[in-house]
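Novice: This is the structure I want to talk about, given as structure tokens.
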């Protein structure tokens, strides 16, 4: 296997530091965000550069199942990609903004929105350096993108009473992808830890025989009125 075909970029986070882990064959190297961000953009633009929607056009089941609990209003889709989840929310009457490093992915999201007769706002953003605005969104969703230092920002960016939906792979996913680095997978009950100051409305662990993942729906408390 050539080095190019085995090249993988994943996010590696330590407190107050963000790196990318570069895997070439069996060699592991740390590279800086400054070097990695343009390469991430190129990689995802290339991955999304097909007519096919590689993750499909339908939202994750967890989002559909608990849609009725979400407060209508402004929604932020972090790492929107091709837009399947954000466009679904727009079709349900939410005012959706999607952010991602890939303009190619966001272009496909806008095309999907047009197909469904809705509009969305998109922004090309490097999530490793962005700062989310405080107390702005009624709903924030982030699926299959793990950047742990974003979780405090997500909580801060929610309005009081706002809700967050997160879904991504757990360590059990290594059963199906043994070489998937553990640090890029959720540890047991990790989402419950990150959102411990919110009210957890739904939490699940799933293993469908091909993937293993965790999902959470949590609400930011409203101020107590005296």
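No value in this document is a laboratory result; all are computed from the given coordinates. Here the structure is a predicted model, which means the values were calculated and not measured. When we count neighbours, we look across all protein chains shown, and the Cβ atoms used for this are built from the backbone with ideal geometry, even at glycine.
Novice: Return the FRET efficiency for the residue pair residue 54, residue 222: r is the Cβ-Cβ distance, R0 is 41 Å, and the value is rounded to the nearest 0.05.
Specialist: Efficiency computed from Cβ-Cβ geometry: 0.60.
Novice: Report Rg (one decimal) and Dmax (nearest whole number) for the stretch 46-197, counting Cα atoms only, units Å.
Specialist: 15.2, 42
Novice: In Å and from the alpha-carbon atoms only, list the Rg and Dmax of the stretch 134-181.
Specialist: Considering the stretch 134-181 through its Cα atoms, Rg and Dmax are 13.7, 40 Å.
Novice: Quick one: Cα centre-to-centre distance for the stretch 81-122 and the stretch 177-226, in angstrom?
Specialist: 24 Å
Novice: Next question, about the same structure. Using label points projected 7 Å from each Cα along Cα→Cβ, tell me how many nm separate residue 111 and residue 187, to one decimal.
Specialist: Result for the modelled spin labels: 4.1 nm.
Novice: How do 191-199, 163-171 rank on mean C-beta neighbours within 10 Å, highest first?
Specialist: For the peptides 191-199, 163-171, the packing ranking is 163-171, 191-199.
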